[in-house]
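J.: There's a structure below that I have some questions on.
The values are calculated or read from the model by the stated rules, or taken from the named source; none is laboratory data. No experiment lies behind these values; they were computed from the predicted model shown. All Cβ positions, glycine included, derive from the backbone under ideal geometry; neighbour counts span all protein chains shown.
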Amino acid sequence: VIDGEAGVAHFAANIGWKDLDLREQIQTVLDVPVAVSHDAAAAAMAEATLGVAVGVRDFLFLAIGTGIGGSLVLDGAPYVGAHGLAGELGHVPIDPRGELCGCGERGCLETVASAASISRRYEARRPRQSAASQPTASEVLQRAELGDPDAAAVRDDAVAALASALTTLQRMLDVELVVIGGGLSAAASALLGPLEVAMEARARFGPPPRLEVSLLGSEAGCLGAAVTAWRLLDSLGASATPV
Ligand SMILES: [Zn+2]
């Protein structure tokens with residue numbers, strides 16, 4: 001949870017940050033202006049400036065990796081909500097009796113549809129017979145396409161959960177586009193077809209959002225950080241051109 005305006009990282013579960021004044025600390029060391037942003041928000045900004053969402057006013061960037069992060073752009077500007085939490089689709093409840101999530105709730109979207117969950121759920125159905133490493137989510141999706149019934153069941157659960165969460169988003173905000181990025185983006189085309197079919201089947205009140213795979217892939221967050229820094233320089237009236 002980031003407050004970009006204040007430059008404070010309020011909460012980062014995976015690296016243990018709590019109310020860390022990130023901007024102050026980095027500025028002290030580097031002695032240059034510093035912009036602070038959430039990784040998914042930076043990636044959304046990159047897709048809006050250089051990627052697949054150029055010219056789109058309303059979209060969700062969904063980063064599917066170890067977890068599922070999300071960032072909303074509404075009316076052409078990032079929308080973070082009252083507490084910086086808007087767009088966190090990974091923690092939308094899908095099944096109240098589902099698996100325990102890292103956030104402490106039960107049955108969040110990311111317990112079924114993150115890359116880590118796809119890999120883990122496949123392993124639970126098909127334990128390894130040897131010392132081979134656990135199949136990645138990309139490998140599970142490939143196996144599903146090749147007819148492995150356990151892989152297909154895990155993929156179908158992920159698709160159903162994503163379709164449910166994205167349909168809720170659509171009923172609330174009617175976005176034009178959903179960009180799938182994050183660690184799974186290279187293999188996301190294997191999710192996109194089934195997800196489009198599932199979204200279409202639920203589209204009772206008009207068209208579902210278009211679904212696109214991130215154009216910038218794993219570079220999106222870094223490029224978004226550069227775009228965010230560039231905008232900060234613009235707002236400060238600096239004449240320097242970022243490298
Ligand atoms: Zn959760």
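J.: May I ask you to list the residues in the stretch 113-168 that are closer than 17 Å to Cys101 by Cα and touching a residue at least 40 places away in the same chain (Cβ under 8 Å)?
T.: Ala113, Ser114, Ala115, Ala116, Ser117, Ile118, Asp157, Ala158, Ala161, Leu162, Ala165
J.: Let me ask something additional. I'd like to verify a number: residues in the stretch 212-230 that are within 13 Å of the chain's Cα centre (by Cα) and of a type in the set (A, V, I, L, M, F, W, C), how many?
T.: Total satisfying the criteria: 2.
J.: If you take the residues in the stretch 46-84 that are outside any strand (DSSP E or B) and under 13 Å from the mean Cα position of the chain (by Cα), which one is farthest from Val112 (Cα to Cα)?
T.: Glu47
J.: Only one residue in Ser119, Ser138, Ser133 is away from the ligand (no atom under 16 Å from the Cβ), hydroxyl-bearing (Ser, Thr, Tyr) and over 15 Å from Gly183 (Cα atoms), so which one is that?
T.: Ser133
J.: Every residue in the stretch 70-102 that is more than 20 Å from Leu177 (Cα to Cα) and more than 15 Å from the ligand (Cβ to nearest atom), please.
T.: Ala82, His83, Gly84
J.: Look through the stretch 103-138, keep the residues that are in contact with a helix residue (DSSP H, G or I) (Cβ under 8 Å, 6 or more places away or on another chain) and of a type in the set (D, E, K, R), and return whichever of them is nearest to Leu195 (Cα to Cα).
T.: Per the criteria, the residue is Glu110.
J.: Of all residues in the stretch 141-164, which are within 18 Å of Gly87 (Cβ to Cβ) and crowded, with 24+ Cβ neighbours inside 10 Å?
T.: Correct list: Ala161, Leu162.
J.: Filtering the stretch 1-45 down to residues that are polar (S, T, N, Q) and assigned to a loop (DSSP other than H, G, I, E, B), which residue is nearest to Ser71 (Cα to Cα)?
T.: If we take residues in the stretch 1-45 being polar (S, T, N, Q) and assigned to a loop (DSSP other than H, G, I, E, B), then Ser37 is nearest to Ser71 (Cα to Cα).
J.: Does any residue in the stretch 1-22 that is farther than 18 Å from Ala225 by Cβ and modelled with pLDDT under 90 come within less than 7 Å, Cβ to Cβ, of a residue that is in a strand (DSSP E or B) and charged (D, E, K, R) six or more places away or on a different chain, and which pairs are these?
T.: As it stands, the answer is His10/Asp3; His10/Asp19; Phe11/Lys18, since those pairs meet every condition given.
J.: Can you tell me which residue in the stretch 111-129 is farthest from Ala151 (Cα to Cα), limited to those that are among the polar types (S, T, N, Q) and part of a helix (DSSP H, G or I)?
T.: It comes out as Thr111.
J.: Do we find that Glu105 is more than 22 Å from Ile180 (Cβ to Cβ), within 16 Å of the ligand (Cβ to nearest atom) and surrounded by fewer than 22 Cβ atoms within 10 Å (Cβ to Cβ) in this structure?
T.: Considered against the rule, which asks whether it is more than 22 Å from Ile180 (Cβ to Cβ), within 16 Å of the ligand (Cβ to nearest atom) and surrounded by fewer than 22 Cβ atoms within 10 Å (Cβ to Cβ), Glu105 comes out as yes.
J.: Any idea which of (1) assigned to a helix (DSSP H, G or I); (2) more than 16 Å from the ligand (Cβ to nearest atom); (3) among the basic types (Lys, Arg) is the one Arg204 doesn't satisfy?
T.: (1)
J.: I would also like to ask the following. Pick from Met199, Met172: which is assigned to a helix (DSSP H, G or I) and in contact with a strand residue (DSSP E or B) (Cβ under 8 Å, 6 or more places away or on another chain)? Spell out how you get there, then give the answer.
T.: Values: Met172 fails: in contact with a strand residue (DSSP E or B) (Cβ under 8 Å, 6 or more places away or on another chain).
One residue alone meets the criteria, Met199.
J.: May I ask you to say which residue of Ala53, Ala42 is crowded, with 19+ Cβ neighbours inside 10 Å and out of contact with any Phe, Trp or Tyr (no Cβ under 9 Å at 6 or more places or on another chain)?
T.: It is Ala42.
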